[in-house]
Amino acid sequence: MITTSQIPSTAPPITAEVFPPATRFERLPLDDGGVLELAIMPLPAVNAADHDATVAELVGKATDWASATTLGGDPPLVVPLYGTHVIWSQRRAAVIGTADRLPAMQAAVADFADREAELRDIERRIVSGLEHVDDDAALAFEFDEQSLHRRRELAGRFREAVSLRQRLVVLAPAIHRPAPQPPTLAGQLGERLRDRTRVVERLEHAVEQADLLERVYTGCGDRVAEFVSSRRHATLEWVIILLLVVEVVLLAVDLLATHTS
Amino acid sequence: MGGGPGGLLTALFLQRAATRPLRTTIFEAGDRLGGKILTPAFSSAPVRYEAGAAELYDYTPVGEDPLRELVAEFGLPTTPLGGATVVMDGAAIANLDDLGTILGSDARRAVEAFDLHAHGTMTPREFYASDDALPQVSGSFTGVLDRIRHPAARRYVESMIHSDLATEPDLTSISYGLQNYLMNHPAYMRLYCITGGNERLIDAIVARVDADIRLATRVVEVAATPGAGFNLVAESVRGTAAAPFDAVVLALPLQHLAAVRFRGDELAAALRQHCTRFDHPAHYLRVTALFDEPFWRGRIDGGYLMLDAFGGCCLYDESAREPEPRHGVLGWLLGGNAAKEWATRDDDCIVAAALDSLPAWLGDARRHLLETRIHRWTAAVSALPGGWRPPSIDRRHQPAPAAFPLLFVTGDYLYDSTLNGVLDSADHVAGWLAAELG
């Protein structure tokens, strides 16, 4: 855990005037190698009349703070649930609630962040893989001598496609896992974050795209294997022909020598 | 006989199953079709609300769901419904964390133990199949609730399920009580409604049914004729008329069925026995209020919550069914004895009690109130009492199979008092009737 004074240098300065003094910050290492900065903001004790305004103010501040890392992309999501609020962006998140709710909220965000980061990393790799599909798809139909030097490159992409499929297979049960029943706050928040970030739909798309990559590079592998095999056969046939020619020549020489002697 | 979902669905399925052209007539005593599926509008604003069946059940997590398929076939958009909050003594309990904080850790443990017992008693597959195998276990649901020793935990569970039961725990079976508890678990089923009003389903069926529909025409007498057919006597503003039919499907609520005169001792006795066998009335009362704005915005999550008022009632945020509602609509669903008792009181008294039942943190309802509507559904559904041995599915639909093989009965009360149940019932009758008529 780090305190307000230990905020990472990448974050804009946060002072006591910006966040309530009781706010804690944590850095959660994610599966994709990145870090999620999490602000844990206990709701201060205020009278009922001021409650809504206080919550709105905290949500506003947390949203501004989280926006700093979105780089002009989608604004942070604000997820209200049963008197608590989660402000979510890919690198920064904040949880706002009464002190007794914060551990459950923190656990929900940490759990969700791991899965979301893993999915995001897979999506990024798929996008990068899809860039080559246009060029490589032709080789899944026909492979020739000029393409032979790309064998290792295609094998690498096939391995990457299989690796992506394997990661998706591991990730899918965690994403589809139903929330516990009877419901807990952590389960409800996890489910809400999953819905709002459309993780299930993204997973489905990722599976389809990874499937396309796998099919293209499986096809490429088949064509490469066929080409190499047929080339080996051709070479063998030429060797046999050459041997036969040599044999014929030797026979002819032998016959000629016998005849002339 | 009957222009509710039972009659309309039977006509639709019969039309699809028949191998030769049929002439179908639907008699409806009221001036509208749809029965308990009713989505009227307020008079002070063009805002619709559900006055009858508020939600449909989605069984697709477990198995086939013919109602979901029908809704999809009609191209009707749907909105999922959900809600985990129970309001007790003004405090919102939305999850186990709240339960532990507000009612204490003992109450939380008691609810967790009850939940474990409920899941152990009925699996999702058994829950799914329970429509076909109505409760056989002796004893009432009270016996199961008695397992919860913690009073607050018991009140929490009772408040959660009371309005769905539409009866009291001692008047219903263990299976039906557990069903109404487990329906809150997404692995067992999910809830949804039709976007724009559940009555759109009725409109879609009516648009496809090829039948002579006679509104405001009440069948008062059914008599068997010597040629194995039936003679129906119907009353309307035009007078009384009799007409012969080859087959009759009685798709009426039980109390209306009992009011029809059946000629002939054997026919009358068969129908009397049928009515007596299924006479386990359960009750609903719907109170719906229109507000100038959804003043509770952000405070009700998922479309509804449960209140501990009226022995446990459901409060629907009907505005949540629309993306950007200008007005706010709250609907109270009372069930069981509370519904029966409050149905006898005048509307103002009911509205005052309903508004008083709202927790203070929701906001000042009276300041925003524009209009209210009351719909009384006394004895509209069946309670399925404990230990009751229901007849076989065939026998349920044919009161006198040997003497009157072309007289059928259909209705939600033959199953679990849901729209899904009435669809199963209509499908059963239509298939059978189509086979009988060749």
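In the stretch B:321-366, if every C-alpha pair distance is counted and binned at 5 Å from zero, what percent goes to each bin?
Histogramming the stretch B:321-366 at 5 Å steps yields 5, 16, 24, 21, 17, 12, 5, 1 percent.
Suppose R0 equals 45 Å; then what is the FRET efficiency for A:D100 and A:V133 from their Cβ-Cβ distance, rounded to the nearest 0.05?
0.30
How many percent of DSSP beta bridges within chain A run antiparallel, rounded to 5? Intermediate results must be reported in sequence, preceding the final value.
Values: 16 of 22 bridges.
Rounded to the nearest five, the antiparallel share is 75 percent.
Treat the count of other C-beta atoms within 10 Å as a stand-in for reagent exposure and order A:F112, A:F158 from fewest to most. Don't skip to the answer; put the middle values down first.
Values: A:F112 24, A:F158 20.
The order, fewest Cβ neighbours first, is A:F158, A:F112.
Quote the relative contact order of the stretch A:118-246 in percent (integer), defining contacts as alpha-carbon pairs under 8 Å separated by 6+ residues.
46 percent
Provide the net charge surrounding B:T217, with neighbours chosen by a C-beta distance below 11 Å and charges set as Lys +1, Arg +1, Asp -1, Glu -1.
So the environment of B:T217 carries a net charge of -1.
Using only the Cα atoms, work out Rg/Rh for the stretch A:118-246, with Rh taken as the Kirkwood radius, to two decimals.
Value, to two decimals: 1.27.
With +1 on each Lys and Arg Cβ and -1 on each Asp and Glu Cβ, and nothing else charged, work out how big the dipole of the stretch A:169-234 is about its Cα centre, in Debye to the nearest 20.
With only Lys, Arg, Asp and Glu charged at Cβ, the dipole is about 160 debye.
Hey, with R₀ at 60 Å, roughly what FRET efficiency would B:A207 and A:L236 work out to, going by the Cβ-Cβ distance, to 0.05?
Here the calculated transfer efficiency is 0.25.
Treating only the Cβ of Lys, Arg, Asp and Glu as charged (+1, +1, -1, -1), what charge dipole size does the stretch B:164-237 show about its Cα centre? Round to the nearest 20 debye. Present the calculation step by step, with values, prior to reporting the outcome.
On the way: 5 positive and 9 negative charges, 52 e Å.
It works out to roughly 240 debye.
Would you be so kind as to identify which of B:A53, A:L185, B:N231 lies farthest towards the positive end of the dipole of the protein assembly as shown, taking Lys and Arg as +1 and Asp and Glu as -1 on Cβ and the Cα centre as origin?
Highest projection toward the positive end goes to B:N231.
Rounded to the nearest 500 deg cm²/dmol, what is the calculated helix-only ellipticity per residue at 222 nm for chain A, with -39500 (n - 2.57) per DSSP H run of length n ≥ 4?
-21000 deg cm²/dmol
If you find the alpha carbon centre of the stretch A:23-53 and of the stretch B:1-38, how far apart are they in angstrom?
The stretch A:23-53 and the stretch B:1-38 have Cα centres spaced 58 Å from each other.
Determine ³J(HN,Hα), in whole Hz, for all residues of the stretch A:216-223 in sequence, where each value follows from phi through the Karplus function 6.51 cos²θ - 1.76 cosθ + 1.60 and θ = phi - 60°; x replaces Gly and Pro.
With the stated coefficients, the stretch A:216-223 comes to 4, 7, 5, x, 4, x, 4, 5 Hz.
In Å and whole numbers, how far do the C-alpha atoms of chain B stretch along each principal axis, longest first?
71, 50, 40
For the protein assembly as shown, compute Rg over Rh where Rg is the Cα radius of gyration and Rh is the Kirkwood radius from the inverse mean 1/r over Cα pairs.
Details: Rg = 34.1 Å, Rh = 30.1 Å.
Rg divided by Rh gives 1.13.
Quick one: if the Förster radius is 22 Å, what FRET efficiency do A:D52 and B:S44 give, using the C-beta to C-beta distance and rounding to 0.05? Before the final figure, lay out the partial values.
Details: r = 29 Å, r/R0 = 1.30.
With R0 = 22 Å, the Cβ-Cβ based efficiency is 0.15.
If you average the sequence gap of Cα pairs under 8 Å that are 6 or more apart and divide by the length of chain B, what percent do you get for the contact order?
Values: 872 pairs, mean separation 110.3, N = 438.
Normalised by residue count, the contact order of chain B is 25 percent.
With runs of 4+ DSSP H residues as the only contributors, calculate the mean residue ellipticity of chain B at 222 nm using -39,500 (n - 2.57) per run, divided by the residue total and rounded to the nearest 500. Before the final figure, lay out the partial values.
Details: 16 runs with 152 residues, N = 438.
Counting only the DSSP helices, I get -10000 deg cm²/dmol.
So if I take the alpha carbon set of chain A, get Rg, then get Rh from the Kirkwood formula, what is the Rg over Rh ratio?
Using Cα coordinates only, the ratio equals 1.36.
Calculate one ³J(HN,Hα) per residue across the stretch B:217-234 by plugging θ = phi - 60° into the Karplus curve 6.51 cos²θ - 1.76 cosθ + 1.60, and present them in order as whole Hz with x for glycine and proline.
With the stated coefficients, the stretch B:217-234 comes to 10, 9, 7, 9, 8, 10, 9, 6, 9, x, x, 6, x, 9, 10, 10, 10, 10 Hz.
Would you kindly calculate the translational diffusion coefficient of the stretch A:201-259, applying Stokes-Einstein with the Kirkwood radius from alpha carbon pairs, for 20 °C and a viscosity of 1.002 mPa s, and quote it in µm² s⁻¹ without decimals?
It comes out at roughly 137 µm²/s.
Here, each number is a calculation from the coordinates, and none is a lab measurement. Owing to the predicted nature of the structure, the values given are computational and were not obtained by experimental measurement. Glycine gets a Cβ as well: all are built from the backbone with ideal geometry, and neighbour counts include every protein chain shown.
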